[in-house]
Amino acid sequence: MLAEAASRLPPTKEHARYLWQLVTRIDKKLANGVDDSDGVVGECVMGIIEQLIGYSKQNPELAPAIRKFCETDTHFGFERELRAGLE
């Protein structure tokens, strides 16, 4: 449900920042024991990361701001996934 709602957001700097904040919040929840043994939460996060990658392609002006998100260390390497998609 989250990924679907997020997918409707147009590519803006504010929406990109919001989506990355959502990724980092989910990361913290996972690190504190939220069960994702079925992979649903991880799949949602990957969908958000793919959307951020798409934002940088649709609107090249957003790329520097989105690349900056890769400086954030997450528990599950989501910043590495984002960096790989931006290269």
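Between the Cα long axis of helix 40-58 and the first principal axis of the chain there is an angle of about 10°, rounded to the nearest 10. Placing unit charges on each Cβ (+1 for Lys and Arg, -1 for Asp and Glu) gives the chain a dipole about its Cα centre, and among Leu9, Asn59, Gly39 the Cα reaching farthest toward its positive end belongs to Asn59. Modelled label-to-label distance, Met46 and Gln21, 7 Å Cα→beta-carbon offset: nm? Each label point lies 7 Å from its Cα, and together they span 2.7 nm. Taking 19 Å as the cut-off, the amide N atoms of the stretch 39-69 that come nearer than this to a point 7 Å along the Cα-to-beta-carbon line of Lys13 belong to 52-69.
No lab work stands behind these numbers, since they all come straight from the coordinates. Nothing here was measured: the structure is a model prediction, and the numbers come from that model. All Cβ positions, even for glycine, are placed from backbone atoms using ideal geometry, and neighbour counts span all protein chains on display.
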